């Protein structure tokens, strides 16, 4: 009888030990401790989780002979690999004058990984660049998006452009429907 109760207790405890555990952090946020050793913030009821994005950061802004070189890192914080994502960068001179547009492709970036690319604007120094606008080209292959079904706007929605102390860098505003 004692052996049966002991075995029943072990089975019951084993089942409880495999369940996720809810906890509260010191600052009051709710977390779920998963039985596989990972954890995640528990979504607050009535709110949607923040959408995941690929983070674009301007890390290098350097004068070169005859131009300006920018180094840009794309961090994949999406759930899917970035198979291909081509971004267009337009350098503007003061007075909102577009000077040059350069395209750069990012490819084969697994979730949580990143890729660094450099672009060059020829014919102006870094000091002459007032701002850089980021646009998406019509070549985006991320998750279920392909170059055949993804609009430039949808591709650009996947990218969050971080502020930079080098110069103003921002995403092109979405096109307005007429």
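Every number in this text was worked out from the coordinates using simple rules, so none of it is lab data. Predicted model, so just to flag it, every value in this text is computed and none were measured. Ideal geometry is used to build each Cβ from the backbone, glycine not excepted, and the neighbour counts take in all protein chains shown.
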*Please tell me the relative contact order of the range 54-171 in percent, rounded to the nearest whole number, where contacts are Cα pairs under 8 Å and at least six residues apart.*
31
_Kirkwood hydrodynamic radius of the range 56-96, Cα pairs, Å_ = 12.8
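Sorting 116, 61, 121 on the 10 Å Cβ count, fewest up front, what's the list? Can you show the working numbers first?
Working: 116 12, 61 19, 121 23.
Taking fewest neighbouring Cβ atoms as first place, the list is 116, 61, 121.
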*Give me the distance in nm between label points sitting 7 Å out from Cα along the Cα-to-Cβ direction at residue 114 and residue 146, one decimal.*
3.1
*Subtracting the Cα-Cα distance from 0.36 nm times the residue separation, let me have the gained length for residue 23 to residue 35 in nm, one decimal.*
3.0 nm
